[in-house]
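The structure appears right after this line, and notes come after that.
The values are calculated or read from the model by the stated rules, or taken from the named source; none is laboratory data. The model shown is predicted, which means the values in this text are computed figures rather than measured ones. Every residue, glycine among them, receives a Cβ derived from its backbone with ideal geometry; neighbour counts consider all protein chains shown.
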Amino acid sequence: MRIVHGWKGLSQADRGAAVAFGNFDGVHRGHQRVIAQAAKAAQALKAPLGVISFDPHPRQIFQPDAPTFRIMKTDQQARALAALGVDVFYVLPFDREMAALTDHEFAAQVLAQGLGVRHVAVGFDVSFGKGRTGSPALMAQYGETLGFTVSVAEALGQGETKFSSTGVRDALRDGHPEQATAILGRPFAIEGAVERGRQLGRTLGFPTANVALTDYVIPKLGAYATRTRLPDGREIAGVANVGVNPTVAGEIAPLLEVWLFDFDEDIYDQVIETDLVAFLRPEEKFDSLEIMTDQVMADAAQARALLLPEF
């Protein structure tokens, strides 16, 4: 899969795709339905399959003081799209110029002229252009005059609940990672470089790999059963705490601290990716390090039972 940054001055090889258009934060099952429609059009047109998204997410521009909300980093997004057979991932800069484009200007200048799209697949609730005035109906109307076809994917979900990025965020904030997994089609995962901490866990018998949450949606604070992928492809079960370390003075930023079971290697500064598999308990403040250690060991036993039932 090729990753193309921008929409101006592209070579012919990077133009002419059948594309899925949206933010695709999470690449959840609803997003996958939109991409499947684009894939069907790409096959019929004998065109590359493309996906269009924005970086930064428009919400970061329009609501800079809102709580962090990202479900995926761009690298994670790219891997998920590649696994779906996407040929070209268009990462469009969401800057002042992009934000100022009307819905028609976006369709004409970005989609038709810049990317030369042949088909655009969108979700039923897509919006685009300044003031979010664009709609699926307007996209179809513009496509007729600008030379590309349009398909619209309907809501996908179970019962009255549609699969959505908002649904993923709500599930994580409520402490239900299994519900987020059902919407995403894979567990929610936090990726980042392992930071050097104060090594308190190692002293107490449970060394942790610490990863900052940065722009991720903050899940319910507490203990989780986890699976972590290392750069070499190994996947290791573990137990993690997502919290602000109430027992350690001075910690204020939410942090993932994951204890990898049966593992003792130096992975400082390496980028790891940790799935939140199951929520074990809310974050607690402990009266002593001994009480905290006993609880962590109990959490670890529970996580092992869930992840390694043969243990």
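Name the pairs: first residue in region 106-126 and more than 16 Å from G16 (Cβ to Cβ), second residue among the polar types (S, T, N, Q) and outside any loop (DSSP other than H, G, I, E, B), Cβ to Cβ under 8 Å, at least 6 apart or on different chains? Pairs that qualify, where the first residue is more than 16 Å from G16 (Cβ to Cβ) and the partner is among the polar types (S, T, N, Q) and outside any loop (DSSP other than H, G, I, E, B), are V122/S151.
Where in region 112-224 are there helices (runs of 4 or more DSSP H), lying fully within it, with 1 or more residues that are among the aliphatic types (A, V, I, L, M) and at pLDDT below 95?
Ranges flagged: 200-204.
Only residues that are more than 17 Å from the chain's Cα centre (by Cα) and surrounded by fewer than 23 Cβ atoms within 10 Å (Cβ to Cβ): list them for region 11-40, please. Listed by number, the residues that qualify are S11, Q12, A13, D14, R15, G16, A36, Q37, A39, K40.
Listed by position, the helices (runs of 4 or more DSSP H) contained in region 42-111 that have at least 2 residues being of a type in the set (G, A, S) and surrounded by 14 or more Cβ atoms within 10 Å (Cβ to Cβ) are 74-83. Give just the number: which of (1) part of a helix (DSSP H, G or I); (2) surrounded by fewer than 17 Cβ atoms within 10 Å (Cβ to Cβ) does K8 not satisfy? Looking at each condition in turn, K8 falls short on (1).
When G6 is evaluated against the numbered criteria (1) in contact with a strand residue (DSSP E or B) (Cβ under 8 Å, 6 or more places away or on another chain); (2) without any contact (Cβ under 8 Å) to a residue 12 or more places away in the chain, which criterion, by number, is the only one it fails? Among (1) in contact with a strand residue (DSSP E or B) (Cβ under 8 Å, 6 or more places away or on another chain); (2) without any contact (Cβ under 8 Å) to a residue 12 or more places away in the chain, G6 violates only (2).
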